[in-house]
Amino acid sequence: MSVKNPQTREWQDLSRDHHLAPFSDYKQLKEKGPRIITKAKGVHLWDSEGNKILDGMAGLWCVAVGYGREELAEAAASQMRELPYYNLFFQTAHPPALELARAITEVAPAGMSHVFFTGSGSEGNDTNLRMVRHYWALKGKPQKQVIIGRVNGYHGSTVAGAALGGMSGMHEQGGTLPGIVHIAQPYWFGEGGDMTPDAFGVWAAEQLEKKILEVGEDNVAAFIAEPIQGAGGVIIPPETYWPKIKEILAKYEILFIADEVICGFGRTGQWFGTDYYGLKPDLMTIAKGLTSGYIPMGGVIVRDEVAAVLSEGGDFNHGFTYSGHPVAAAVALENLRILRDEKIIERVQAETAPYLQKRLRELNDHPLVGEVRGLGMLGAIELVKDKATRTRYESKGVGMICRQFCFDNGLIMRAVGDTMIIAPPLVITCEEIDELVEKARKCLDLTLEALK
Ligand SMILES: *Cc1c(COP(=O)(O)O)cnc(C)c1O
């Protein structure tokens, strides 16, 4: 790749000589060098070549309030001056973590009034694994150890995160643990076959009951799922799915962990995905939108009944140096204040999400598009060779071709196989949505052209 700015080449050399990147094809990265992002404002990024790019992914689903919010920088700086670090271990605490715990539970579903803090979503799911097993041991049922996850779910990249998730590429690289099993995902477009979406939704939910009976209720600790699968390809379950799952969960004595790392803090137009679907989780994993990604932080919101058992249980031998880090907590508090005071989630629900969904669906008429689906500030575009039969192109990598055209034309859309996905900042305006959809259509045209 030729560059205009000589510094771009210098940074790319640093990448090749010194950096091991997360989730990247190393061989390809070495040959091409990374795109260097140097600044951002609102919903736009700039790269080191001076290109302005609309960030259709809010970073990695996290920059809810948009880039460049002075208040968040200010919150971090003043907290660093006051108390840059202290821990929450061994009977101590500090105001930012405690005030944040209260602020989170004020917007969390009723009956979930305790928070355990971590440094990331992955650490949140590690915490879940240990917390639910500890809970059942305290309840006198230590044999309840097994956690049921879903194929193509994403729960992070620590060992527990990878094992709870259902990504085979991660399992193959040391990402498995005993005592974790998986059931089918509710991905109608890809796996629904001849079933109607509704029939398929019921079938996929019934796999949970089948698995509980197979493993034995007495051995199952919990079921973990994202309300909407994000990294798996913005998979919005058929309408029958969650009601059926709720019915099954009510029948058996197992805990339900909702991984809200993407859906939480407004992405669906409600505070949490479980609010949108009317679910009743026992634990909820949070991260990403909690701080709008300005600083790392995650956690687990815990239902009162579970917290009550833990509080009688003596030592919980678990925690992180940066659990509830004061600077991260101060930024999260300010981020929640912005979301609340500026009524950002209300605006998503009333105005910008309906507009995004309406405009995205206009792409349904494109010859390359098999399905457009979306909800709130989430969207997916399935790329196919034949719409009627939902047949993909044989040559793999149509999504990658499209992603490259997007990059080159000032739009970030992510590719999951041949599914293009978006999750823009929650503050995106209707005019910026027009820009996003027009650029997306242009890139679909270019992709179709390239396939001929
Ligand atoms: C990103 C993500 C995680 C992992 O969060 P990290 O902060 O990257 O560890 C977990 N679950 C879901 C649903 C995610 O999207």
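Evaluate the following for G266: is it surrounded by fewer than 19 Cβ atoms within 10 Å (Cβ to Cβ), touching a residue at least 40 places away in the same chain (Cβ under 8 Å) and touching a Leu at 6+ places or on another chain (Cβ under 8 Å)? It is false that G266 is surrounded by fewer than 19 Cβ atoms within 10 Å (Cβ to Cβ), touching a residue at least 40 places away in the same chain (Cβ under 8 Å) and touching a Leu at 6+ places or on another chain (Cβ under 8 Å).
Tell me which of these A225 doesn't satisfy, since it passes every other one: (1) under 25 Å from K288 (Cβ atoms); (2) hydrophobic (A, V, I, L, M, F, W, C); (3) over 19 Å from the mean Cα position of the chain (by Cα); (4) crowded, with 23+ Cβ neighbours inside 10 Å. It fails just one condition, (3). A residue that is within 27 Å of V261 (Cβ to Cβ), in contact with a helix residue (DSSP H, G or I) (Cβ under 6 Å, 6 or more places away or on another chain) and within 16 Å of the ligand (Cβ to nearest atom) cannot be found anywhere in segment 31-44. The condition of being of a type in the set (D, E), open to solvent by 40 Å² or more (accessible area, probe 1.4 Å) and closer than 21 Å to R133 by Cβ holds for only one of D304, D259, that being D304.
If you scan segment 358-413, which residues turn out to be of a type in the set (K, R) and in contact with a Ser or Thr (Cβ under 6 Å, 6 or more places away or on another chain)? Result: K385, single match.
Selection of first residues in segment 225-237 that are within 14 Å of A204 (Cα to Cα) and in a loop (DSSP other than H, G, I, E, B) and of second residues that are within 9 Å of the ligand (Cβ to nearest atom) and acidic (D, E), restricted to Cβ pairs under 6 Å at least 6 apart or on distinct chains, gives an empty result. On the stretch given as segment 201-223, residues that are in a loop (DSSP other than H, G, I, E, B) and touching a Phe, Trp or Tyr at 6+ places or on another chain (Cβ under 8 Å) total 0. In summary, Y294 fulfils each of the numbered conditions (1) part of a loop (DSSP other than H, G, I, E, B); (2) more than 16 Å from the ligand (Cβ to nearest atom); (3) open to solvent by 30 Å² or more (accessible area, probe 1.4 Å) with the single exception of condition (2).
Out of the residues in segment 307-333 that are open to solvent by less than 10 Å² (accessible area, probe 1.4 Å) and more than 19 Å from T285 (Cα to Cα), state the one that is nearest to the ligand (Cβ to nearest atom). That would be V327. Residues that are under 13 Å from the mean Cα position of the chain (by Cα), of a type in the set (S, T, Y) and more than 10 Å from the ligand (Cβ to nearest atom) within segment 258-291 comprise just one, T268. Residues that are away from the ligand (no atom under 16 Å from the Cβ) and open to solvent by 30 Å² or more (accessible area, probe 1.4 Å) number at least 1 in the following strands (runs of 3 or more DSSP E) confined to segment 89-200: 114-118, 180-183.
The values are calculated or read from the model by the stated rules, or taken from the named source; none is laboratory data. As the structure is a prediction and not an experimental result, all values here were calculated from the model. Glycine also receives a Cβ, built like all others from the backbone with ideal geometry; neighbour counts cover every protein chain displayed. Calculation scope for accessible area: heavy atoms of the full protein, side chains included, ligands and nucleic acids excluded. Shrake-Rupley method; radii C 1.70, N 1.55, O 1.52, S 1.80 Å.
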